[in-house]
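The values are calculated or read from the model by the stated rules, or taken from the named source; none is laboratory data. The structure displayed is predicted, hence computed values, not measured ones. Reconstructed Cβ throughout: ideal geometry from the backbone, glycine too, with neighbour counts over all protein chains shown. Note: areas computed on protein heavy atoms with side chains; ligands, DNA, RNA excluded. Shrake-Rupley method; radii C 1.70, N 1.55, O 1.52, S 1.80 Å.
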Amino acid sequence: MPKRVIILGSTGSIGTKTLQVIEDFPGAFEVVALSTNSQTGLLAEQAKRHRPRAICVCAEEKANEARHIAATTGAALHLGAQGLVELVERYEADLVVVATVGFVGLLPTIRAIELGRNIALANKEVLVTAGHLAMAAVQQRGVAILPVDSEHNAIFQCLACGGREAVRRIVLTASGGPFRGAKRERLLAITRKEALRHPTWSMGPKITIDSATLMNKGFEVIEAHHLFGVPVERIEVVIHPQSTIHSMVEFVDGSIIAQLGVTDMYLPIQNVLFYPERIANKFPSLDFVNLGRLTFEAPDLVNFPCLAYAYEAARLGGTYPTVLNAANEIAVARFLREEIPFIAIPEIIRDALDAHEGLPAKTLEEIMAADRWARDRAREWKPGR
Ligand code: MG
């Protein structure tokens, strides 16, 4: 029996790679539903190849293209952010791959967990903003959350070597991004083009900028805390420019288990799609001699304060991580539109965290209200405020 898979966000970098893995193993998977925000051209190609039962297009202005895809492929049509929730509610699946970017992934993921569906999670916002709610639902329903992100997938694999209660420390590795070692004068002059060039991983624009500011690593600390139930004080970030060690777990007996591999998202995606099985693929083995050396250094929290802000938001808890995420999302969008300089990204986040009056975030409504508040504030931010 093929594994039935719904892919939310099938046209992004994780979504397209997920379909690539699925195509490489004919007969192993059935694609039940696909979705895109606005890339209807690519979605049309995917729908022709995989013949899903349903598609969803989120961007309103693409509704006509969406109707055309549905009509030509025979897929049922769902529209808007609500359409993502409908996909997980109406179609049976063994695995829901959440590869959407941004806050839009939150509701369908929570809904999928409530319905008892296993999740392959690549969307950061779910755990950053509502990790405590999502994990409570996971425990209640007994579903699996399989992390797609290379670091969390690495930790997940390392934890096969020992119980969570025996974890002394998690070491999250970070490439350091394209501006590793840069000081203030250099950071002041960074262009959009430079920031979009990542040294080791090929990813979408939002996450590439988040990697350049180290905010991505900050989100990963918060995610690891929720996923693995380890306090943030015991999650350490180490800069490892080669990105060969994808993360490590140190156990109370001093043993450290590391997960290594080629820097290609194909591998963690394959891991979660087939979990708990391991299946041979055509990937070449890692060439250690050619690699030469693996190096490590401390992150520079003065010039890259986003990482420190993430620890701060995690310790404050409640709606603070939501504010961190929302202010960052708007700041990155403004940087990509070349409205603000690179160094204004942490300033916008700092401003939102300082101005926010936190709530315990006991409901999704509270989280969504904090999200809207922080977005508005970040949109209106001007230098020297
Ligand atoms: Mg990562």
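Backbone amide hydrogens, once placed in the peptide plane, bring Arg169 within less than 5 Å of Glu250, excluding anything fewer than 5 places away on its chain.
In this structure, the amide hydrogen of Lys3, modeled 1.01 Å from its nitrogen in the peptide plane, lies closer than 5 angstrom to those of Phe29, Glu30, counting only residues at least 5 positions away or on a different chain. For Ile340, the solvent-accessible surface with a 1.4 Å probe is about 10 Å², rounded to the nearest 10. The 3J(HN,Hα) values that the Karplus relation (6.51, -1.76, 1.60; θ = phi - 60°) gives for the range 320-334 are, in residue order, 4, x, 5, 5, 3, 5, 5, 4, 5, 4, 5, 4, 5, 4, 5 Hz. Gly and Pro appear as x. Of the solvent-accessible surface of the range 134-192, computed with a 1.4 Å probe and all protein chains present, 47% belongs to carbon and sulfur.
Loop-located GluC sites (Glu not before Pro) in the range 6-96 (DSSP state not H, G, I, E or B) with no more than 12 neighbouring Cβ atoms inside 10 Å: Glu92.
Report summary: the helix-based calculation at 222 nm, which adds -39500 (n - 2.57) for every DSSP H run with n ≥ 4 and divides by the residues of the chain, gives -14000 deg cm²/dmol.
Counting lysine pairs in the range 153-316 that sit 8 or more residues apart in sequence, or on different chains, and whose Cα atoms lie under 26 Å apart gives 6. Our analysis of the chain gives Rg over Rh at 0.95, with the two radii drawn from alpha carbon positions and Rh computed by the Kirkwood formula. Spatial offset of the range 197-261 relative to the range 67-81 amounts to 38 Å, using the alpha carbon center of each.
Using a probe of 1.4 Å, the accessible surface attributed to Ile279 totals some 60 Å² when neighbouring protein chains are kept in position. Given the options Ala195, Ala326, Ala369, which has the most mean-square fluctuation in a GNM of the chain, springs set between C-alpha atoms less than 10 angstrom apart? Top of the fluctuation ranking is Ala369. These residues, His198, His78, go from largest to smallest accessible area, 1.4 Å probe, as His198, His78. Contact order, relative form, for the chain: 14 percent (alpha carbon pairs under 8 Å, 6 or more residues apart, mean separation divided by residue count). The number of Lys pairs in the range 3-147 with C-alpha atoms less than 24 Å apart, excluding pairs fewer than 8 positions apart on the same chain, is 6. The figure for His246 is an accessible area of roughly 20 square angstrom, using a 1.4 Å probe on the protein chains alone. Per-residue Karplus couplings for the range 260-269, computed as 6.51 cos²θ - 1.76 cosθ + 1.60 with θ equal to phi - 60°, are listed in order as 10, x, 4, 7, 9, 5, 3, 5, x, 5 Hz, Gly and Pro entered as x.
Solvent-accessible surface of the chain, taken per residue with a 1.4 Å probe and all protein chains present: 43 Å². Shown in residue order for the range 33-48 are the 3J(HN,Hα) couplings computed by the Karplus curve 6.51 cos²θ - 1.76 cosθ + 1.60 at θ = phi - 60°: 8, 10, 8, 9, 6, 9, 7, 5, x, 5, 4, 4, 4, 5, 5, 5 Hz (x for Gly and Pro). Computed from the mean reciprocal separation of all distinct C-alpha pairs, what Kirkwood hydrodynamic radius does the range 3-147 have, in Å? About 14.8 Å, per the Kirkwood formula over Cα pairs.
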